[in-house]
1. Return the only residue of 519, 535, 495 being in contact with a helix residue (DSSP H, G or I) (Cβ under 6 Å, 6 or more places away or on another chain), over 19 Å from residue 609 (Cβ atoms) and either crowded, with 22+ Cβ neighbours inside 10 Å or modelled with pLDDT under 95 (or both).
2. Kindly list the number of the only condition in (1) under 31 Å from the mean Cα position of the chain (by Cα); (2) part of a strand (DSSP E or B) that fails for residue 677.
3. Being within 30 Å of residue 159 (Cβ to Cβ) and either modelled with pLDDT under 95 or in a loop (DSSP other than H, G, I, E, B) (or both), is that true of even one residue in the range 445-457?
4. Any residue at all in the range 641-649 that's at pLDDT below 95 and more than 36 Å from the chain's Cα centre (by Cα)?
5. Residue pairs, Cβ under 8 Å, 6 or more apart or interchain, first in the range 400-413 and free of Cβ contacts under 8 Å to residues at least 24 places away in the same chain, second surrounded by fewer than 24 Cβ atoms within 10 Å (Cβ to Cβ). List them.
6. Suppose we filter the range 573-605 for residues that are surrounded by fewer than 18 Cβ atoms within 10 Å (Cβ to Cβ), touching a helix residue (DSSP H, G or I) at 6+ places or on another chain (Cβ under 8 Å) and under 24 Å from residue 493 (Cβ atoms); how many remain?
7. Can you report the number of residues in the range 553-607 which are under 16 Å from residue 519 (Cα atoms), assigned to a strand (DSSP E or B) and within 25 Å of the chain's Cα centre (by Cα)?
8. I'd like to verify a number: residues in the range 166-198 that are surrounded by fewer than 19 Cβ atoms within 10 Å (Cβ to Cβ) and touching a helix residue (DSSP H, G or I) at 6+ places or on another chain (Cβ under 8 Å), how many?
């Protein structure tokens, strides 16, 4: 079905088992042959979803930064006539064929070369380069392809095919999310940017201690590193999210800036150890040392023997496993010895451009650095959040790391960013979510523009949930539903992604809402719809039974429409409806402005539906059903609160607490203590 037209510099090309395309490449920069290309003859399709940086609707769509990409990968629905105009840097492509099945196409990054998609006069092309100045002859896997009647299965299959070919990365199912990321956190960046200090951090910790919220970890973001030169605070990024003067900002030493942190990390870590709330702490680092690399004149001592000059004023690790390992192991070990449990690593995709022009093979150098960092974190720390890592080179090196930012930065009181952030966070998880849990970034619960929508969206992200409000600004009514009283986040079984009807729709221009779904325990699900239009207009949303089935597909399970139907609980309006399997129309909603609809879908089994612990965004996740029959239901809840059950009966009894009718067929039981086990009977 797939025909590969020969492009330039192809000595041989062949299709391998598992849908992998392998070729012998010849790259000769001195002969102006620094990029290899192959024209792709695609099967007939009706719709496509193309993932590349700085596309239409980006914060700055005029930018063309590849292979930087930063956090700016955007899923863009396109038609067959658009293929010629697609931007370079395509990292993933999903096609809906005229036959009705789906094809997933994944460019592969190997040890020596990275590949990407791009539009050409001939259609769609696969391109490859090492971004180096030396000649290269190599046999390498270039592309993975998979076809399935289910779009989510096609995505899973194409990553599975790549995984069989490469050991440089692991799938999400092969990893465990670190305990720290299962609890509520707080970060300095969005509130304070890089204008932080020892006194400010200590004051913030004290304020968190006073808050009636179970915040369990803090992340100290940019603004603490020892850097060369004097700089004002970071205020502008030109839409790419790196500072405008990034090239001038360079790391000078591993110790924190003693002008801002005169006692290093000692006082801050002592305060955290004394805290009755905060259990973990994290620290922000820059993958390249700092935004512009490592200063040639620095305080790194013997580490310098493992660095190479990429310019007169800049260094980076030498391109060997030993040298990169020496640099990252020393740096990461110091963070662990300073008391930190995890790190956030920024600016990862900038590594290749920094080496470009000075390295014989910039891709090999970046791969070595990634593997050295992964090894160091696995050895010394509990976990890592990757950031500015929207490059397939980063994705193909996520061997141990579990979390990656899946969108550009959130910004308080910025409506356009809020819309963009929601679309890209959920949309990117379709392809990124096979290897990592997505980081939807921090948010302000006090944000009057998007705080409530953001809170509910973080609940279904499947990744870390953390705040950035200043002292006294937290909105507990929006934060408490995210977690248990212990601070543990109620998480879905898999990250939320677009439902089938939203996959190939442009949510900024369409008349339909952008809808996502995630699976929950006991075959429950959560479905959300968003009005992301710009300019703003009213949109419609329809919950369909096929959306419910899609939730099961995300965890490779076949969830058929429940014979007794679904109970649909609207978390915002606190109302419910019953949706039957035979209902062809589904449930319709409208959203007039930027807003969300947030629905819990609970299947009816033996006449019972467990909605869950009331006033928790993911209410079913707090409950565990032990057994049930037509006459009884036995379950337990992890926290105290009000348990909400649906049962079509005249009365329901419970020995462990009073049962109160709160609506048509809705019953509420007050649970006085955590881990309560209750039995309901007719």
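The values are calculated or read from the model by the stated rules, or taken from the named source; none is laboratory data. Here the structure is a predicted model, which means the values were calculated and not measured. Every residue, glycine among them, receives a Cβ derived from its backbone with ideal geometry; neighbour counts consider all protein chains shown.
1. Testing whether each residue is in contact with a helix residue (DSSP H, G or I) (Cβ under 6 Å, 6 or more places away or on another chain), over 19 Å from residue 609 (Cβ atoms) and either crowded, with 22+ Cβ neighbours inside 10 Å or modelled with pLDDT under 95 (or both) leaves just 495.
2. (1)
3. Within the range 445-457 (the criterion being within 30 Å of residue 159 (Cβ to Cβ) and either modelled with pLDDT under 95 or in a loop (DSSP other than H, G, I, E, B) (or both)), the answer is no, since none of the residues qualifies.
4. Yes, that holds for at least one residue.
5. none
6. Result for the range 573-605: 2.
7. 4
8. Of the residues in that region, 2 qualify.
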